[in-house]
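The values are calculated or read from the model by the stated rules, or taken from the named source; none is laboratory data. Since this is a predicted model, take the numbers as computed values, not measurements. Neighbour counts run over all protein chains shown; Cβ positions are idealised from the backbone, glycine included. Surface areas here come from the heavy atoms of the whole protein model, side chains and all, with no ligands, DNA or RNA. Shrake-Rupley method; radii C 1.70, N 1.55, O 1.52, S 1.80 Å.
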Amino acid sequence: MERLQKVLSRAGIASRRASERLIVEGRVAVNGATVTQLGTSIDPSRDVVRVDGKRVPAPPASHTFLVLNKPRGYVTTARDPEGRPTVMDLLREVGKRVYPVGRLDYASEGLLLLTDDGDLARDLMRPASGVRKTYLAKVRGRPAAKDLERMCHGVVVAGRRTLPARAHVVRPGPNSWVEITVVEGRKHQVRMMLEAIGHPVQRLRRVRYGGVEMGDLPSGRFRALTPEEVRRLRGACRASPARPGNRKSG
Ligand code: URA
């Protein structure tokens, strides 16, 4: 349910204030009955609104899109049977039900998208969507370039070859940092891929998802996506599946 003046302004009829005036002047009807009460709420997807007898098209639903910098030690579900902290504990002030787009492991950290737009969430999570996710992984040892190149052809994990991924060392050392970009979202995928080439993961942080960057958002904090970021996500879903590196966006 939504306030009538808000529905009118979202539909582009007039500003919120001017829409209130239209209501008070008796120029607005809902389901055939004139409404002059400013407190009136309607269901914009079902109720028929007219202004001066002319039908107002239903405005597009307004959805919430958030990015959270998930800390380690939080589960990506609404409730945990083991009583561990959940990402929902960090989102209390949102005041709206939002759902995580995919999951990050309990021990993983970084960029987690949340939305109440079920269609977009489903599109992003479709295995064939080809949306790129980039991680920074601290691994044991120093992977050789030829091992990381194996990612380009996919590696077999849990009995199935992964789609091609791209990986390179960004900080070499006894325990190196590797940047890895994948297009799937299989359970424990990045950990299993790096384990498969002999470099188990010690720390895993997602830094990019379909063109959305986490930037310097502090751990445990969230922010709303910009309209441009939401457009990028929608665009990333529309693009055909491809190898990481072969696409301009996503
Ligand atoms: N891959 C993993 O192995 N773990 C995550 O949390 C995300 C991707």
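What per residue convex hull volume, in Å³, comes out for the range 147-231 when only alpha-carbon positions are used? Before the final figure, lay out the partial values.
Numbers: hull volume 10.7 nm³, N = 85.
Roughly 125 Å³ of hull volume per residue.
Which value, in Å², gives the accessible area per residue of the chain when a 1.4 Å probe is used on the protein heavy atoms? Let's see the in-between values first.
Working: 13580 Å² over 250 residues.
With all protein chains present, the chain gives 54 Å² per residue.
Provide the FRET efficiency to the nearest 0.05 for the His168-Thr86 pair, computing r from the beta carbons and using R0 = 41 Å. Each step should come with its number before you reach the end.
Details: r = 34 Å, r/R0 = 0.82.
Efficiency for this residue pair is about 0.75.
Past 24 Å, Cα to Cα, is the threshold; run Lys70/Lys146; Lys96/Lys138; Lys70/Lys133 against it and keep the listed order. Intermediate results must be reported in sequence, preceding the final value.
Working: Lys70/Lys146 32 Å; Lys96/Lys138 35 Å; Lys70/Lys133 15 Å.
Beyond 24 Å: Lys70/Lys146; Lys96/Lys138.
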query = To the nearest 10 square angstrom, how much accessible area does Asp117 have with a 1.4 angstrom probe?
reply = 10
remark   = Note to self: C-alpha centroids of the range 1-34 and the range 94-149 sit apart, in Å, by 41
query = Running Debye on the chain with equal point scatterers at the Cα sites and no solvent, what base-10 log of I(q)/I(0) appears at q = 0.13, 0.14, 0.15 Å⁻¹?
reply = -0.85, -0.93, -1.02
request  = Within the range 36-86, list the trypsin sites (Lys or Arg not before Pro) lying in a DSSP loop whose Cβ has at most 16 other Cβ atoms in a 10 Å radius.
outcome  = Arg46, Arg72, Arg79
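Among 34-40, 1-7, 88-94, how do they line up from the highest to the lowest mean number of other beta-carbon atoms within 10 Å? Don't skip to the answer; put the middle values down first.
On the way: 34-40: 12.1, 1-7: 18.6, 88-94: 13.9.
Those peptides, ordered most packed to least, come out 1-7, 88-94, 34-40.
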note = Placing +1 on each Lys and Arg Cβ and -1 on each Asp and Glu Cβ in the range 96-235, then taking the dipole about the Cα centre, the residue among Ser219, Ser129, Cys152 whose Cα reaches farthest towards the positive end is Cys152
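Roughly what % antiparallel, to the nearest 5, for the DSSP beta bridges in the chain? Walk me through the numbers on the way to the answer.
Working: 45 of 49 bridges.
The antiparallel fraction comes to roughly 90 percent.
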ask   = So, with a 1.4 angstrom probe, what is the percent of accessible area on the chain that is carbon and sulfur?
value = 48
key: Label-point gap, in nm, between Asp43 and Arg17 - each point 7 angstrom along Cα→Cβ   = 3.4
Most fluctuating residue given options Pro164, Pro59, Pro172, as computed from a GNM of the chain linking Cα atoms under 10 Å = Pro59
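For Met1 and Lys146 in the same chain, what is the full-extension length gain: residue separation times 0.36 nm, less their Cα-Cα distance, in nm?
Working: separation 145, 0.36 × 145 = 52.20 nm, distance 5.74 nm.
In short, 46.5 nm is gained.
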